[in-house]
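The values are calculated or read from the model by the stated rules, or taken from the named source; none is laboratory data. Treat the numbers as computed from the prediction; the structure is a model and nothing was measured. Note: ideal-geometry Cβ built from the backbone for every residue, glycine included; neighbour counts use all protein chains shown. To get the accessible areas, we keep the full protein, side chains included, count just its heavy atoms, and leave off ligands, DNA and RNA. Shrake-Rupley method; radii C 1.70, N 1.55, O 1.52, S 1.80 Å.
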Amino acid sequence: MDWYENLKLAAATLWASRLRTILTMVGLIIGVGAVILVIALGVGAQNFVKDQFRGLGTNVVGVYDGGPRTKGRRPLTLADVEAVRTQAPAVEAVAPLALGNASVSWGSRKSQAQLTGVPPNLERVTRLGYSKGRFFSLGEVESRARVAILGETLAKKLFSFEDPIGKTIVVNNRQLTVVGVTRPSFGGWIDVDRGVLVPLPLALESLIASDSPFGKKVGGFLAATKADSTIDQVTFELKNLLRLRHNVTDKDDFLIGNIQETLDLFNNIALGVTVVLGLTAAISLVVSGIGIMNIMLVSVTERTREIGLRKALGASEEVILAQFVTEAVLLSVLGGLLGMAWGLAAAVAVGQFSPFKPEITPWSVVLALGVSVATGLFFGVFPARRAARLDPIVALRSE
């Protein structure tokens, strides 16, 4: 008997017991589909976060005021920012940030938010997206114009469905006009989504306490690397320059980091979660394999007389073995294909209702189908060998 005849016989046998066949394939269908869906969701989530972080600037180093609160500790100041701009060769642009808390209100609605004073070159360092309005003009920054940009979450909290552009809000007892609303942000250097941005000079002079013995203090600054420089190079220059300026001999009185470190950490976590979830989903493939073996053993028992008759007519053990292995593999292939179909459909459906798009990778489909076929082959061999080794005389005498 050739493989084509074997395949036809296997298909006819499975079709004759189609309800049992379908129920046996359910585990494979769920397992294969779940593996494909979980991996697609994991890859999609990673790509979504990567895109969010790229928008914030992966070539940016952030430096913030921090460290031990000891006597003689120096805060970060505008003078430090100017020193970085002129004395750090690897830095292309630097944007100081004045950070503080603010009470923001519009009419009877009030909220607490992070207040950030930003310079006109902030968009050179990190990109901001706007759902409405715009960024500050150079003239507004230099003239200390009383304007503000709201994060989308804060704007919804204060204005609900009203358009905030052109409205006057009160920030720390100062009236400011809203000129923009940012798009939702996954995260970043400043609390854009729930905070309020104002021109840096306005923040330092009237909204945030900024005086210190060392000059106007800032909460931190962002430094963008030059095209031919690396994050590590910029970090090295900034640490050495600030340690020298602050006379640091022990612990740094500033904090330094970059988005790439955060992105790498997230990717490692996301990969681990995806692998764990994928393995969890793959457990159902093992369970379904046991189901295939169980059904094939039942099939061997039911067809004992048929096997005995075929062997009496000259069928070899190899022919019987091939017949039952073919049935097991065909069962797993059909289950794998149906599982692949629902996994792909589920991934597309999730993409329609989620902020990120699941990405179906060819290797995940091949892996899921390969494991499905291997499961059928592995768990189908034992029943097939049992059928092939039946004594034809004993088999023919069975009831």
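Before moving on, here are some points about what is shown:
- Listing of strands (runs of 3 or more DSSP E) fully contained in the range 84-201 that carry 1 or more residues being open to solvent by less than 10 Å² (accessible area, probe 1.4 Å): 91-106, 109-118, 147-150, 168-171, 174-182, 196-199
Quick grid of which residues meet (1) aliphatic (A, V, I, L, M); (2) touching a helix residue (DSSP H, G or I) at 6+ places or on another chain (Cβ under 8 Å); (3) within 21 Å of residue 209 (Cβ to Cβ):
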position: 73; (1), (2), (3): no, no, yes
position: 83; (1), (2), (3): yes, yes, no
position: 108; (1), (2), (3): no, no, no
position: 124; (1), (2), (3): no, no, no
position: 128; (1), (2), (3): yes, yes, no
position: 131; (1), (2), (3): no, yes, no
position: 146; (1), (2), (3): no, yes, yes
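- Residue selection: residue 327 satisfies the criterion of being open to solvent by less than 20 Å² (accessible area, probe 1.4 Å) and either modelled with pLDDT of 70 or more or closer than 18 Å to residue 14 by Cβ (or both).
- If the condition is being within 19 Å of residue 372 (Cα to Cα) and either open to solvent by 20 Å² or more (accessible area, probe 1.4 Å) or in contact with a Cys (Cβ under 9 Å, 6 or more places away or on another chain) (or both), then the range 3-13 contributes 7, 11.
- Condition met for residue 251 (open to solvent by 20 Å² or more (accessible area, probe 1.4 Å), under 23 Å from residue 190 (Cα atoms) and of a type in the set (Lys, Arg)): no
- Pairs meeting the criteria (first residue in the range 339-367 and free of Cβ contacts under 8 Å to residues at least 12 places away in the same chain and on the phi > 0 side of the Ramachandran plot, second residue of a type in the set (S, T, N, Q) and outside any helix (DSSP H, G or I), beta carbons under 8 Å, at least 6 apart or on different chains) are lacking.
- Which numbered condition residue 209 misses (of (1) touching a residue at least 24 places away in the same chain (Cβ under 8 Å); (2) open to solvent by 80 Å² or more (accessible area, probe 1.4 Å); (3) more than 22 Å from residue 150 (Cβ to Cβ); (4) outside any loop (DSSP other than H, G, I, E, B)): (4)
- For the range 219-233, filtered to residues that are in contact with an Asp or Glu (Cβ under 9 Å, 6 or more places away or on another chain) and closer than 17 Å to residue 87 by Cβ, the residue that is most open to solvent (accessible area, probe 1.4 Å) is 226.
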